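Engineer: The following block contains the structure, expressed as structure tokens.
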Amino acid sequence: MAVKVGWEGRFFEDFEVGDIYRSSMGRTITENDNIWFTLLTNNPNQIHFNDEYAKHTEFGKPLVNSLLTIAVITGLTVQDVSQNGVNLGWDEVRLPHPVFAGDTLYSETEVLGTRESKSRPAQGIVTVKTRGLQQEGKVVITFSRNIMVWKRDHAPSHDIFPIAQ
């Protein structure tokens, strides 16, 4: 019986400027997700967890914590963009439309640039721009980021599956 290798994500050689990757799944944000994330990050802003407070704002209901939004949208990109790399930073983060509990989020990422790493010859740097959309197509977040991505032949993921005894 042959072992079939599953999707291992993209390596540096796989990225081409202009490519667009859309998340293969969406993620519905629940009220519990928002409250737990807000508590986990010690964020005391009542806009995220106090219905009565939120009723008196322009939104009329609690907002999803913006750091949860960036975390979920980034997570939706991992299998296509950063599964074989590490994030070097996020830039130009914008939140043009609020996210509320019950919204389902999707990501779309465009490759803006690639370059060899000057200090790490086994890796390269990929620059991308990502936008997160909710179920009605409203853009809820945009950002760019740089990722240090392994070249295929140097990736640490090779040969790590244990051999059965």
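The values are calculated or read from the model by the stated rules, or taken from the named source; none is laboratory data. Not measured: the values here are computed from a predicted model. Please note: Cβ atoms are built from the backbone with ideal geometry, for glycine as well, and neighbour counts cover all protein chains shown.
Engineer: Would you mind telling me which numbered condition in (1) free of Cβ contacts under 8 Å to residues at least 60 places away in the same chain; (2) within 17 Å of S24 (Cβ to Cβ) T109 fails?
Structural biologist: It is condition (1) that T109 fails.
Engineer: Among the residues of the range 112-126, write down those that are surrounded by 15 or more Cβ atoms within 10 Å (Cβ to Cβ) and either free of Cβ contacts under 8 Å to residues at least 60 places away in the same chain or touching a Leu at 6+ places or on another chain (Cβ under 6 Å) (or both).
Structural biologist: Within the range 112-126, just I125 meets the criteria.
Engineer: When you scan the range 127-148, do you find a residue that is exposed (fewer than 14 other Cβ atoms within 10 Å of the Cβ) and modelled with pLDDT under 95, even just one? Talk me through it step by step, then tell me what you get.
Structural biologist: Here is the first cut: in the range 127-148, the residues exposed (fewer than 14 other Cβ atoms within 10 Å of the Cβ) are 135-138.
Now drop any that are not modelled with pLDDT under 95, which leaves none.
No.
One line per residue, one yes/no per condition, for (1) in a helix (DSSP H, G or I); (2) more than 19 Å from the chain's Cα centre (by Cα); (3) not hydrophobic (A, V, I, L, M, F, W, C):
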| site | (1), (2), (3) |
| --- | --- |
| A2 | no, yes, no |
| M25 | no, no, no |
| I35 | yes, yes, no |
| T38 | yes, no, yes |
| I47 | yes, yes, no |
| V64 | no, no, no |
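Engineer: Among the listed residues T142, T57, T130, T109, which satisfies the condition of being over 19 Å from I20 (Cα atoms) and either part of a strand (DSSP E or B) or of a type in the set (S, T, Y) (or both)? Spell out how you get there, then give the answer.
Structural biologist: Working: T142 fails: over 19 Å from I20 (Cα atoms); T130 fails: over 19 Å from I20 (Cα atoms); T109 fails: over 19 Å from I20 (Cα atoms).
So the residue among T142, T57, T130, T109 that is over 19 Å from I20 (Cα atoms) and either part of a strand (DSSP E or B) or of a type in the set (S, T, Y) (or both) is T57.
Engineer: Also, quick follow-up: Among residues belonging to the range 88-111 that are farther than 21 Å from I125 by Cβ and among the small types (G, A, S), point out the one that is surrounded by the most Cβ atoms within 10 Å (Cβ to Cβ).
Structural biologist: A101
Engineer: Follow-up question, since we're still on this one. Could you count how many residues in the range 66-82 are closer than 16 Å to K129 by Cα and either among the small types (G, A, S) or outside any helix (DSSP H, G or I) (or both)? It would help to see each step written out before you state the result.
Structural biologist: First, pick out the residues of the range 66-82 that are closer than 16 Å to K129 by Cα: 69-82.
Filter once more, keeping what is either among the small types (G, A, S) or outside any helix (DSSP H, G or I) (or both): 71, 75, 78-82.
Qualifying residue count, the range 66-82: 7.
Engineer: Moving on to the next point. Does the range 30-53 include one or more residues that are surrounded by fewer than 17 Cβ atoms within 10 Å (Cβ to Cβ), under 20 Å from V149 (Cβ atoms) and either of a type in the set (G, A, S) or without any contact (Cβ under 8 Å) to a residue 60 or more places away in the chain (or both)?
Structural biologist: Scanning the range 30-53 turns up no residue that is surrounded by fewer than 17 Cβ atoms within 10 Å (Cβ to Cβ), under 20 Å from V149 (Cβ atoms) and either of a type in the set (G, A, S) or without any contact (Cβ under 8 Å) to a residue 60 or more places away in the chain (or both).
Engineer: Check whether at least one residue in the range 4-20 is small (G, A, S), farther than 19 Å from G132 by Cβ and in contact with a helix residue (DSSP H, G or I) (Cβ under 9 Å, 6 or more places away or on another chain), and report yes or no.
Structural biologist: Taking the range 4-20 as the starting set, the residues that turn out to be small (G, A, S) are 6, 9, 18.
Those still in the list that are farther than 19 Å from G132 by Cβ too: 6, 9, 18.
With the extra rule that they be in contact with a helix residue (DSSP H, G or I) (Cβ under 9 Å, 6 or more places away or on another chain), the set shrinks to none.
Scanning the range 4-20 turns up no residue that is small (G, A, S), farther than 19 Å from G132 by Cβ and in contact with a helix residue (DSSP H, G or I) (Cβ under 9 Å, 6 or more places away or on another chain).
Engineer: Quick one: in the range 14-29, which of the residues that are closer than 12 Å to L105 by Cβ and of a type in the set (S, T, Y) is surrounded by the most Cβ atoms within 10 Å (Cβ to Cβ)?
Structural biologist: Just the residues of the range 14-29 that are closer than 12 Å to L105 by Cβ, to begin with: 23, 25-29.
Then keep just the ones that are of a type in the set (S, T, Y); that gives 23, 28.
Values: S23: 21, T28: 13.
Only one residue fits best here, namely S23.
Engineer: Another question, if that's okay. Of the conditions (1) under 17 Å from the mean Cα position of the chain (by Cα); (2) assigned to a loop (DSSP other than H, G, I, E, B); (3) among the aromatic types (F, W, Y), Y21 clears all except one; give me its number.
Structural biologist: So the condition that Y21 fails would be (2).
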